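Visitor: Next up is a structure, given as structure tokens.
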Amino acid sequence: MSFVLLSKRPESRFLSRFSATGSQASQILVRRLGQAAAIAGVVLVGAHFALEAARMAGDMSGMWDPELQGMAWNSPARAALICRMLGLLLIALGLQGVSVGSTIVAVVGAVLSIGAFALTGHTSVNPHRGALAALLMLHLFIVAFWFGALWPLYVATLRESPTRAGDLIERFTAMATWLVPVILVAGTAMAVLLLPNASALSEPYGELLIAKVVGFALLMGLAAANKWRLGPALVTGTAQSGRWFRRSLATEYILIATVLTITAVMTSFFSPEA
């Protein structure tokens, strides 16, 4: 993504420490955030694995139990841990440069990180494992694309000319218009394969699944507003239109984080067969 430097505005002063201009300044900022997120991910993934023994024990004392830690290490969680760790490290490494090789390294890291989710959980023990793994990876790739694009778009509205920012938003929404609905399609297909019957929707797993769908519907409403109203309004160059668009992006960020939290609770504590 290429960037054009915005004229200095009060709300973009926190970015002024970067002396580079244009695309270089914006890309440096976005890459640094991506690297920081990847490194933070390594720490959190390691902590999550350490807590697996505590989950098996039912209390925190399990973390210090060598036998339980050995059981966790010899479970499918080990392969998922290795894939996630390696993937996140490759992402951090790939984001250090802007060459084609660096991009390939980062993409391989993303594939490994997302593919790790297919190694554990309900989809890995289902009779339709192959189809579910493909659907899950497709689902997560598009979610990652959507979630990961929000911060760069936010930066673009601060550092780009209004016309350039509007063009970037239009290009993103042109792709998202076709990709984002696939999240619902893939998620629905997974639900059909995982849930034993319609009555399962009244169980905790099903209720959380419905909550995810409601959150997705709200996100689609915000995305439509960004595409048809808030994004095009940026071209006028008014400060108010930029603020409204950034508030919408921040709301999308919070909603996606909420949906991901619901997903974590749903998949960690409940089963679709229960």
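The values are calculated or read from the model by the stated rules, or taken from the named source; none is laboratory data. None of the values given here were measured: they were computed from a predicted structure. Because the Cβ atoms are built from the backbone with ideal geometry, glycine has one as well, and the counts that use them run over all protein chains shown. When the accessible area is computed, the model is the full protein with side chains, heavy atoms only, and any ligands, DNA or RNA have been set aside. Shrake-Rupley method; radii C 1.70, N 1.55, O 1.52, S 1.80 Å.
Visitor: LEU222: more than 19 Å from the chain's Cα centre (by Cα), of a type in the set (A, V, I, L, M) and either in a helix (DSSP H, G or I) or under 13 Å from ILE169 (Cβ atoms) (or both), yes or no? Let's see the steps before the verdict.
Guide: Details: more than 19 Å from the chain's Cα centre (by Cα): no; of a type in the set (A, V, I, L, M): yes; either in a helix (DSSP H, G or I) or under 13 Å from ILE169 (Cβ atoms) (or both): yes.
Taking the combined requirement at face value, the residue does not satisfy it.
Visitor: Here's a follow-up. Of the numbered conditions (1) open to solvent by less than 50 Å² (accessible area, probe 1.4 Å); (2) assigned to a helix (DSSP H, G or I), ILE104 fails exactly one; give the number of that condition.
Guide: (1)
Visitor: Suppose we keep only residues that are under 18 Å from SER268 (Cα atoms) and in a helix (DSSP H, G or I) within the range 52-62. Which one would you say is nearest to the chain's Cα centre (by Cα)?
Guide: Applying the filter and picking the extreme gives GLU52.
Visitor: Checking the condition open to solvent by 70 Å² or more (accessible area, probe 1.4 Å), at pLDDT 90 or above and part of a helix (DSSP H, G or I), which residue from LEU184, LEU135, LEU193, LEU140 passes? Please lay out each step first, then the result.
Guide: Numbers: LEU135 fails: open to solvent by 70 Å² or more (accessible area, probe 1.4 Å); LEU193 fails: open to solvent by 70 Å² or more (accessible area, probe 1.4 Å); LEU140 fails: open to solvent by 70 Å² or more (accessible area, probe 1.4 Å).
Just one listed residue meets the conditions, LEU184.
Visitor: Please enumerate the residues belonging to the range 252-274 that are more than 25 Å from LEU193 (Cα to Cα) and surrounded by 14 or more Cβ atoms within 10 Å (Cβ to Cβ).
Guide: Answer for the range 252-274, where residues must be more than 25 Å from LEU193 (Cα to Cα) and surrounded by 14 or more Cβ atoms within 10 Å (Cβ to Cβ): GLU252, TYR253, LEU255.
Visitor: Could you tell me whether the range 82-89 includes any residue that is over 24 Å from LEU249 (Cβ atoms), outside any helix (DSSP H, G or I) and in contact (Cβ under 8 Å) with a residue 40 or more places away in the chain?
Guide: Checked the range 82-89: no residue is over 24 Å from LEU249 (Cβ atoms), outside any helix (DSSP H, G or I) and in contact (Cβ under 8 Å) with a residue 40 or more places away in the chain.
Visitor: What residue, among those in the range 116-132 that are among the polar types (S, T, N, Q) and in contact with a Pro (Cβ under 8 Å, 6 or more places away or on another chain), is surrounded by the most Cβ atoms within 10 Å (Cβ to Cβ)?
Guide: THR120
Visitor: With LEU209, LEU218, LEU230 as the choices, which residue is surrounded by 19 or more Cβ atoms within 10 Å (Cβ to Cβ), under 30 Å from SER271 (Cα atoms) and aliphatic (A, V, I, L, M)? Steps first, please.
Guide: Details: LEU218 fails: surrounded by 19 or more Cβ atoms within 10 Å (Cβ to Cβ); LEU230 fails: under 30 Å from SER271 (Cα atoms).
Within the list LEU209, LEU218, LEU230, the selection yields LEU209.
Visitor: Going by what's in this entry, would THR173 be described as free of Cβ contacts under 8 Å to residues at least 60 places away in the same chain and assigned to a helix (DSSP H, G or I)?
Guide: Against the criterion (free of Cβ contacts under 8 Å to residues at least 60 places away in the same chain and assigned to a helix (DSSP H, G or I)), THR173 qualifies.
Visitor: Then there's this: Listed residues ALA110, ALA47; which is touching a helix residue (DSSP H, G or I) at 6+ places or on another chain (Cβ under 7 Å) and either of a type in the set (S, T, N, Q) or open to solvent by less than 80 Å² (accessible area, probe 1.4 Å) (or both)?
Guide: ALA110
Visitor: Determine if the range 43-51 includes at least one residue that is at pLDDT below 50, part of a helix (DSSP H, G or I) and of a type in the set (Phe, Trp, Tyr).
Guide: no
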